[in-house]
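The values are calculated or read from the model by the stated rules, or taken from the named source; none is laboratory data. In this text, all values refer to a predicted model and were calculated from it rather than measured experimentally. Methodologically, a virtual Cβ is constructed for each residue, glycine included, from the backbone with ideal geometry; neighbour enumeration extends over all protein chains shown. For accessibility, only protein heavy atoms count, side chains too; no ligands or nucleic acids. Shrake-Rupley method; radii C 1.70, N 1.55, O 1.52, S 1.80 Å.
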Amino acid sequence: MENRDLRYEILEKEIFRVAKRELSKLPKKLEYHNTDHYEDVINVASRIATSEGIESRSNEFNLLKTAALLHDIGLLFTYKDHEEKGGLFAKSLLPIYEYSPEEIETISGMILSTKLPQSPKTKLEGIICDADLDNLGREDFFEKGELVRKELENYGIKMSDEQWFTNTHNLIKNHVYHTASQRALRDEGKERNIKKLIEILDSLKISVR
C-alpha cells in the first residue's frame, strides 16, 4: 500500500510541474480549468470519499485521486471533448508509473464520466463527478462562474447575459449530486444559488421555465 501511495505522489508532482509549464504556453488562457482547479477537485474528491467510507490508504482512494489529478489534463491538447483526450493520455502515461491495465481502465472511466451531462456508472465515478461540480453548492459559485465565462470567451464562445445566466440556471436546476454525503453538504447551497440566479434573470426580464 505504501508503494501505491508513493506512486501517486510521484505522479502528482510531475503532473503539476508539467501542467504549470504547458498552461503558460497555451495561446488562450484557461481562467478556470488550471492547476487551482486540479487541486480543488483532488481535495474535494478526497473529502467525499472519506465521507462515503472509502479508506484513505486504500487502492480505490489512490485511483480516485489519480483520476481527479488527470480529469482535465486533456485541455492541454484540445478544448472540445477534452475528457476523451484526457482518458487517452492517462492510458499512455500511467503504465510508466506502474498502474495496471485494470486500474487504468477504472481511472479512464472516471475521467470520461465528468463530461457534461455527467454519466457516472460506479461509486468512484459518482464521487469524482460530485467533486468536479462541488462549486454549484458553494458560496464561490458566481465567482467561479465568471472565470468559466472568461475562459469560454478566450476560446471564442461569447454569450450575452441572457444566454449565460439562462444556461447556468438550466445547468444547476437539472443537476443532481450522486453521493449522499455531497447532497447533505451542498444541496442547500445549490438552492440558494438557484434563487440568486432567478433574481438575476428576473432583473434581466427573463422568465424561468
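Restricting attention to the range 139-150, and to residues there that are farther than 22 Å from Ala67 by Cβ and in a helix (DSSP H, G or I), which single residue is most open to solvent (accessible area, probe 1.4 Å)?
Restricting to residues being farther than 22 Å from Ala67 by Cβ and in a helix (DSSP H, G or I), the top hit is Glu143.
Just to be sure, is Glu52 in contact with a Leu (Cβ under 6 Å, 6 or more places away or on another chain), charged (D, E, K, R) and either at pLDDT below 95 or surrounded by fewer than 20 Cβ atoms within 10 Å (Cβ to Cβ) (or both)?
When the stated conditions are applied, Glu52 does not pass them.
Among (1) open to solvent by less than 20 Å² (accessible area, probe 1.4 Å); (2) more than 17 Å from Ile48 (Cα to Cα), which single condition is Ile157 missing?
Status for Ile157: all satisfied but (1).
Within the bounds of the range 128-138, is there any residue that is in contact with a Leu (Cβ under 6 Å, 6 or more places away or on another chain) and either at pLDDT 95 or above or among the polar types (S, T, N, Q) (or both)?
no
Every residue in the range 135-174 that is farther than 16 Å from Lys28 by Cα and aliphatic (A, V, I, L, M), please.
Leu136, Met159, Leu171, Ile172, listed by residue number.
Every residue in the range 10-42 that is open to solvent by less than 90 Å² (accessible area, probe 1.4 Å), free of Cβ contacts under 8 Å to residues at least 24 places away in the same chain and in a helix (DSSP H, G or I), please.
Result: Glu14, Phe16, Val18, Thr35.
Can you pull out every residue in the range 48-57 that is touching a residue at least 60 places away in the same chain (Cβ under 8 Å) and either in a helix (DSSP H, G or I) or small (Gly, Ala, Ser) (or both)?
Ile48, Ala49, Ser51
Could you count how many residues in the range 166-205 are surrounded by 14 or more Cβ atoms within 10 Å (Cβ to Cβ), aliphatic (A, V, I, L, M) and under 27 Å from Pro120 (Cα atoms)?
5
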